[in-house]
1. What angle do you read, to the nearest 10 degrees and between 0 and 90, between the alpha-carbon axis of helix B:197-207 and the longest principal axis of chain B?
2. Between the helical axis of A:219-230 and the dominant principal axis of chain A, each derived from Cα atoms, what acute angle in degrees is found, rounded to the nearest 10?
3. Which of B:Phe165, A:Phe167 has the fewest other C-beta atoms within 10 Å, and how do the rest follow up to the most?
4. If R0 is 22 Å, what FRET efficiency do you get for B:Asp138 and B:Ile166 from their C-beta distance, rounded to 0.05?
5. Could you pull out every one of the aspartates and glutamates with an alpha carbon less than 19 Å from that of A:Lys250, ignoring same-chain neighbours closer than 8 positions?
6. Hey, what does the equivalent ellipsoid look like for the stretch B:50-207, semi-axes from the Cα gyration tensor as sqrt of 5 times each eigenvalue, largest first, whole Å?
7. What is the pair-distance distribution P(r) of chain A, computed from all Cα-Cα distances in 20 Å bins starting at 0, with each bin given as a whole percent?
8. Just the number, please: Stokes-Einstein D of the stretch B:85-127 in µm²/s, Kirkwood Rh from C-alpha pairs, 25 °C, 0.890 mPa s.
Amino acid sequence: MATSPTIATQGYTSTDPELAAIDASVRWPVMACFLTAVHWMVVGTFFLVYASSLAHPQDTFPILGLFVSLSDNFSMFTYGRIWPAAVDTLVYGWATTGGLGLAIWILARTCRTPVRSPATLMTAIVFWNLGIATGLIGIFLGDSNSVELLEFPAYAAWTLWLSYVLFAVWAVVTWLGRRPGHDHVAQSWLLVALFSFPWLFGGGSVLLDGKPLAGSGVIQELISAWYVHGLYTLWFAPLGLALLYYLIPKMSGLPIRYGTKTQAAFWTWIIFAPWTAVHDLVGGPFPAETVTTGLVLSGLIFLPVALIGMNLVGTAFAAEEKHGHHGGIVFPFLTLSAVCFVLAGIAEQILSIRSANELLRFTMFRECNFFLWLYGFFSFGLFGAIYYIVPRLLDFSWRSSALIRAHYYFSLYGILLVIAMVGFGSVVQGETLESPDPLVTITIADQNALNFHIASTVCISLIAIGSGIFALHLGWMLLNCINIRVRANRLASEILHEPYEPEGPAGASPAPGTAAAKKEVAA
Amino acid sequence: MISPLTTRGFLLLIGGVFLFTWFGLVVLPWIYLGHLAPIQDEGSSDITPWDASGAAHQGEHIYAADGCVYCHTQQVRPANSGADIIRGWGTAKDESDDKAPPIIRRTYPRDYIWQGQVFLGNSREGADLSNVAERFTDAASLYRYLYDPYILNPHSSMPAYRFLFIERKISGLPSQDALALTGDDAPPAGYEIVPSDEARSLVAYLLSLKKNYHLPDEKGPVPAPPDKS
């Protein structure tokens, strides 16, 4: 299986020795984030396919009968536990853990300083993952409180929060030790993300996890909407945008198009985007002033979305044109991510229109939005980043360009089809639910939505196959990498007539004297 | 434009932007709604709305643990915003007077003041439950529906909740609240299926969900009842 020369050129570390040193300093924390994130992605995607298949229980897929009977008879497998488990695994286990890895890498690189105390980071990552595992067990055992995206029981939420604080201490120290004169627009986005997460997660957990505040009533739902949309617009969006603003120009060698608009895009996004929270409040028992103000402010989201689209999609398309072949094998992931950001922005814009909101309010459009944000925008950016970063950290290349291509096409068609299906299905479902005919019942709405649920399960399965290919590819690459490192060390020790002493697993970096021998074997 | 990487920009970011959203979305509504109290009836000690039983409050935890909120809402939007009233989700029988027209209305923040946890919900794969106790008036039919939704609605997409029930051997007389099941669902001879404690509190909670009272928050004319002909 020949290594494709288009994936990365020979010698996979950065050509800039300063960046190569920084990459080496963050190698283990970032790899730990990525590996555990990919693990949660596999688990979460499986749960998601499972939950999605339960939305059409009377269907006759071969394995569905088993799923349905498990969900009927065991509380663990009921839809109301599998679905939040799937969403939380993907949101916290996959996207946030991977996002932390990204944040570490981008922060270290843009601050131009090798990191201090990677052990602090490793501790944070270990406890972070323990928190997620505990939270999932809590959901399955029935400790969840069904607050959207805060389903993890309080004990798990606090583990996560404390791990994040540990990470944040590290981030602040790195930030203070930055080399001046290297300000990058990615840093602004990273700053917002890293400050928003503890603010949102701490606030949400204190106020909603555990015992509800007596008499708070519908305020709980306001806080919940603030949290959910805050997580999308102030955590995932800035993190993903930091990545795209950093990597798209770097990989394509082109400056950001309309670069003078990046600051305007930043401030308008930060001011308007969090108000998308009121999309969950229209028509509900809330003060009308809050909803109207929010709809006006979130209706202006088209400004930042258009500016960011001009910046990122413009640059990405220009790069694809310049380099041909979609700009390489990894680059299309970033293009797809940027395009999905614009699509997600358009979806939010649609929900800011009151009549459209009334139609789509309780339909599967919510899933469409979730898929756009989490899969379309964030995950594909993260996939692209992992493809780019891991060879630079391990000095080792991906094994097969065909597998990366396969992953890309499964993801591309999976996400486009799922958005088309769920988007169209939500209009059909909404038209039925909001029909002025009093004889229309919820059963008819369900019947109309049924085929779109089935289509959505099939499309999610496509994405799942793509993600599975990715996970296996990563595993293969790591095994190969370890294998070659071990063999190189053995060879080196034979050449030097020294007794061979195997190094620890995961190829602790080879001794300086073995570098030449290693190059021989790798070549 | 100020860069958020400068001190001034950073303060603007924290103060003007994060706190702006927090204040507008949460603090201001809280000032509006935080002090809501039930309405006291002049001339008697009745209050509206009234608190549900302890068993019903227990049921909130089951409702949360099994994730009912992912498919069911508990909010009725006003007649000018969506078709909730037309679907009949805001209809409740006025129990104070048999001849009175049914109460048809949206839900108001005051309806939720007694609930420990509020489940307004964001998805309607299932029906709205604001007035579910008006549609299911007795516990037995709710137990049967939870055990096997297809009995009442062959096209239901609701999962069955058999894990909330216990199959046990009849010793002596059969239990009073054993489920009356026929066909495939019927337990083997000599056995009966009875609701567990979780099922009992969940059903107590569901039976507490009805908005069969008027509130002073209601403004304007009461909308005409939907034509079911």
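1. Approximately 60 degrees, to the nearest 10.
2. 40
3. Ranking B:Phe165, A:Phe167 by Cβ neighbours within 10 Å, fewest first, gives B:Phe165, A:Phe167.
4. 0.65
5. Cα-Cα hits under 19 Å: A:Asp16, A:Glu18, A:Asp23, A:Asp183, A:Glu320, A:Glu321, A:Asp395.
6. 30, 17, 16
7. Each 20 Å bin holds this share of Cα pairs: 21, 56, 20, 2, 0.
8. 195
Laboratory data are not the source of any read-out in this text; all were calculated from the coordinates shown. Keep in mind it's a predicted model, so treat the numbers as computed, not measured. Note that each Cβ is placed from the backbone with ideal geometry, even for glycine, and that neighbours are counted across all protein chains shown.
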